[in-house]
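Data block below; observations after.
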Amino acid sequence: MAAPAHDKILIVDFGSQVTQLIARRVREEGVYSEIVPFQQAEAAFEKMQPKGVILSGGPESVHEAGSPRAPQSIFDSGVPVLGICYGQMTMAAQLGGTVEGGHHREFGRADVEVKAPSGLFESAWKVGEKHPVWMSHGDRITRMPPGFVVAGVSPNAPFAVIQDEKRKYYGLMFHPEVVHTPDGAKLIRNFVRKIAGAKGDWTMRAFKDESIDKIRRQVGKGRVLCGLSGGVDSAVAAVLLHEAIGEQLVCVLVDHGLMRLGEAQQVVTLFRESYNIPLVHVDASKLFLEKLAGVTDPEVKRKTIGKLFIDVFELEAKKIGKVEFLAQGTLYPDVIESVSFTGGPSVTIKSHHNVGGLPERMNLKLVEPLRELFKDEVRVLGRELGLPEGFVGRHPFPGPGLAIRVPGDITKEKLDILRLADEIYLEEIRRTGLYNEIWQAFAVLLPVKTVGVMGDGRTYEYVVALRAVTSVDGMTADFYPYEMSFLGRVATRIINEVRGVNRVVYDVTSKPPGTIEWE
């Protein structure tokens, strides 16, 4: 994991859907953080020796038998502790307070009134002020543990903020990690940097240098095989590996024919010409289309693509010859989601991103240089490595590619229509200077045809839906509020330039907190 020299914050997860956001907020302060399930927290605490501990929210009720608890060793250690929502309530219960259910629930926006000064509030909140926060609780503390005082209240949470500043224990009933709590990042910063005293020395340059050294020690003189998908994660992993081990790296791009317009060639050009990285480009598009013919269920599509990818990749690996290691662009959210925490919502593996793993029979040792990073951190690392901004800043694109943006049966005709419509849409977004304001934008070819009139003729052609969402964290999002003139321009271009489309619609779906399914 991270080098021992860095100060660390341990985050104990009780199953909240937004626990990852806590780690992101801590890392934004240049402080390394790790999330561990509460069942593993005691061992992790001993190993990490963190400067502070944050207890996350969760779906359980503290007053119910068998509900999760934080290790007592954390409270006995003397390190600062911040409890959030469920974390606040289990801290209160474990330290001698009382938590009850059956009171007025509080979900969504609320105002917290500051009642007392706090180390959490420094340079952010003052006594007497009211501040908007995001609540999500059905239980409440009815009696505080000894030594604690109230620092903030809300209409339905008389213990919205509690603290024992002598022991450096703090509890928040609301979620400071989500963007719906505007000053939440300031409160987390105060806990991490001022109360816990963690140094902000975990930079991407330091991570790059440490990762290169770690890769060299792990790989030695062995050869490494890396699968490229056309996305940011695998590209950054490959460039990092090449910087560490040079010609010992061989990359394979399995072109399944489901990429965006010109994407495969862009990857080939970037790696072969700009970085001179050995790259095998396999055009397997006909095979994938044959196997996907008649498949309409999105989950079956994903599994079919995943199995075929493995088969093709394994065949190419045998042609390359002896390799000892397999490099994957595994990210920290993948690691977190692969561990069963509480059986709650956070344990669900997102199948729209995971199209399959390689079989054990390949007998390759894994190299996962990005497994400590979140998506936005991978982009920062890509810039540190010198990858082009146009590549590093690309919108997220799932492993199954266009297959899940063509609901229903997949054909080459439909893919060609969608590819061109999507390219026109993204081209106009870039031309208008909106690309970096939007978290993700793409076109979908709907499985319906409509009657229209073009010129003097009647048409019966497909409908294209456009989507664009804004997000800070990838966990919550809202549709992008385009001007009608922009949508009109895009629709006109698509209808005029893409044969087979006679209607364009815009999707104005929003995503509430905790929702991370996008495809």
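The values are calculated or read from the model by the stated rules, or taken from the named source; none is laboratory data. This structure is a prediction, so every number in the text was calculated from the model and none was measured. Neighbour counts run over all protein chains shown; Cβ positions are idealised from the backbone, glycine included. Only protein heavy atoms, including side chains, enter the accessible area calculation; ligands, DNA and RNA are left aside. Shrake-Rupley method; radii C 1.70, N 1.55, O 1.52, S 1.80 Å.
Given H placed 1.01 Å from N in the peptide plane, which residues other than close sequence neighbours of D201 have an amide H under 5 Å from its amide H?
Here the answer is D7, since their amide H atoms fall under 5 Å of that of D201.
Just reorder E247, E273 by solvent-accessible area, largest first, 1.4 Å probe, all chains present.
On the way: E247 120, E273 145 Å².
Sorted descending by solvent-accessible area, the residues read E273, E247.
On a full-extension model of 0.36 nm per residue, what is the gain between D507 and N156, subtracting their alpha-carbon distance, rounded to one decimal in nm?
Going from the current span to full extension adds 122.8 nm.
Let me know the volume per residue of the alpha-carbon convex hull for the range 114-160, in Å³.
Expressed per residue, the convex hull around the Cα atoms of the range 114-160 is 86 Å³.
Working out 0.36 nm times the residue gap between K199 and T296, then minus their Cα-Cα distance, what length gain in nm do you get to one decimal?
29.7 nm
In the range 246-334, what trypsin sites (Lys or Arg not before Pro) fall in a loop by DSSP, with at most 10 other Cβ atoms inside 10 Å?
K322
Any chance you could look up the accessible area of F309 with a 1.4 Å probe, heavy atoms only, rounded to 10 Å²?
The value for F309 is about 50 Å².
Please sort by residue number the GluC sites (Glu not before Pro) in the range 1-87 whose DSSP state is loop and whose Cβ has at most 14 other Cβ atoms within 10 Å.
E64
Let me test this: with uniform point scatterers at the alpha carbons of the range 264-337, what is the Debye-based log₁₀ I(q)/I(0) at q = 0.11, 0.19 1/Å?
Log10 of I(q)/I(0), two decimals: -0.42, -1.10.
Can you give the calculated 222 nm mean residue ellipticity of the chain, where each DSSP H run of n ≥ 4 adds -39,500 (n - 2.57) and the sum is split over every residue, rounded to the nearest 500 deg cm²/dmol?
Values: 15 runs with 161 residues, N = 519.
One gets -9500 deg cm²/dmol as the mean residue ellipticity at 222 nm.
For the range 40-111, state the average projected area of the convex hull of the C-alpha atoms over all orientations, rounded to one decimal in nm².
6.0
Just to confirm, what accessible area per residue do you get for the chain at 1.4 Å probe, in whole Å²?
Using a 1.4 Å probe on heavy atoms only, each residue of the chain averages 42 Å².
What is the distance in Å between the Cα centroid of the range 15-62 and that of the range 176-201?
With the range 15-62 and the range 176-201 each reduced to a Cα centre, they are spaced 13 Å.
Exceeding 30 Å between C-alpha atoms, which entries from my cross-link table qualify? They are K8/K365; K115/K194; K208/K365; K8/K186; K365/K412.
Check vs 30 Å cut-off fails for K365/K412.
Cβ neighbours within 10 Å, averaged per peptide: list 493-500, 414-421 in order, most packed at the top.
Top of the packing list down: 414-421, 493-500.
Note down the accessible area of Y506, probe 1.4 Å, to the nearest 10 Å².
Number for this one is 50 Å².
Karplus couplings for the range 261-276 from phi (6.51 cos²θ - 1.76 cosθ + 1.60, θ = phi - 60°), rounded to Hz, Gly and Pro as x?
Rounded to whole hertz, the list is 4, x, 5, 4, 5, 4, 5, 4, 5, 4, 7, 7, 9, 7, 10, 6.
Check which residues have an amide H placed less than 5 Å from A151's amide H, if you skip close sequence neighbours.
For A151, whose amide H was placed from the backbone, the distant partners under 5 Å are V161, I162, Q163.
Quick check: convex hull of the Cα atoms in the range 1-92, volume per residue, rounded to a whole Å³? Walk me through the numbers before you get to the answer.
Numbers: hull volume 8.2 nm³, N = 92.
With only Cα atoms used, the range 1-92 gives 90 Å³ per residue.
Using amide H atoms built 1.01 Å from N in the peptide plane, name the residues 5+ places from V501, or on other chains, whose amide H lies under 5 Å from its own.
Y462
Would you calculate the convex hull of the Cα atoms in the chain and tell me its volume per residue in Å³?
Dividing the Cα hull volume of the chain by its residue count gives 166 Å³.
With equal scatterers on the alpha carbons only and no solvent term, can you work out the Debye log10 of I(q)/I(0) for the range 82-217 at 0.09 1/Å?
-0.31
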